[in-house]
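Encoded as structure tokens, the structure appears first; notes follow it.
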Amino acid sequence: AHDIVAPAANTTYTATFTRRPNLAQGRAVAVSSVYPAGYPGARAVDGDPATRWSSAYSAPQWIRVDLGSAKSVGRVLLRWERAYGTAYQIQMSSDAASWTTVYSTTTGNGGIDNVTFTPRTGRYVRMYGTTRATSWGFSLWELEIYNS
């Protein structure tokens, strides 16, 4: 967002927008579980809004994206299916073994969660779900990761 103070005289402004790349799209994914079988983790990063990942009907569950190398991350977009998390964390790691929580909520309400946080550098990003909103598992149409 930018504030522009216009002068008293008529003035024309042109804004040029550049779309930031989704660092997760097409990247390698690991998940805690898949249920039913036709909804693997890769579908949450394929860029297709009609495909999704779905987990087992228990908690906790997680989906992890390997960015391929260390990247600065400051925004994660979660596009939930009806089986969403009311409590979850966004975590980052350099080695997929030791995790740092960069965002946490206990009041998730589904739909689209645009999660922003102070940018951190890491190779792996995961959504770690701890409380389900429904009797089903956790399910994401898309998990998108951005620099900020």
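The values are calculated or read from the model by the stated rules, or taken from the named source; none is laboratory data. Bear in mind the structure is a predicted one, so any value in this text is a computation, not a measurement. Cβ sites come from the backbone with ideal geometry, for glycine too, and all protein chains shown count toward neighbours. Note: areas computed on protein heavy atoms with side chains; ligands, DNA, RNA excluded. Shrake-Rupley method; radii C 1.70, N 1.55, O 1.52, S 1.80 Å.
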| query | THR16 passes all but one of (1) surrounded by 15 or more Cβ atoms within 10 Å (Cβ to Cβ); (2) hydroxyl-bearing (Ser, Thr, Tyr); (3) part of a loop (DSSP other than H, G, I, E, B); which number fails? | reply | (1)
| TRP136 vs. criteria within 13 Å of the chain's Cα centre (by Cα), surrounded by 14 or more Cβ atoms within 10 Å (Cβ to Cβ) and in contact (Cβ under 8 Å) with a residue 60 or more places away in the chain | no
| query | Across region 19-65, which residue is nearest to VAL125 (Cα to Cα) among those that are of a type in the set (Lys, Arg) and open to solvent by less than 70 Å² (accessible area, probe 1.4 Å)? | reply | ARG64
| query | Before we move on, is VAL29 closer than 12 Å to LEU143 by Cβ and either in a strand (DSSP E or B) or within 13 Å of the chain's Cα centre (by Cα) (or both)? | reply | yes
| field | Single match in SER104, SER98, SER69, SER93 (criterion: at pLDDT 95 or above and either touching a Cys at 6+ places or on another chain (Cβ under 8 Å) or closer than 14 Å to ASN147 by Cα (or both)) | value | SER69
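Could you tell me whether THR121 is free of Cβ contacts under 8 Å to residues at least 60 places away in the same chain, open to solvent by 20 Å² or more (accessible area, probe 1.4 Å) and farther than 20 Å from GLY26 by Cβ?
Criteria met by THR121.
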| field | Flag for ALA97 being touching a residue at least 40 places away in the same chain (Cβ under 8 Å) and either small (Gly, Ala, Ser) or open to solvent by 60 Å² or more (accessible area, probe 1.4 Å) (or both) | value | no
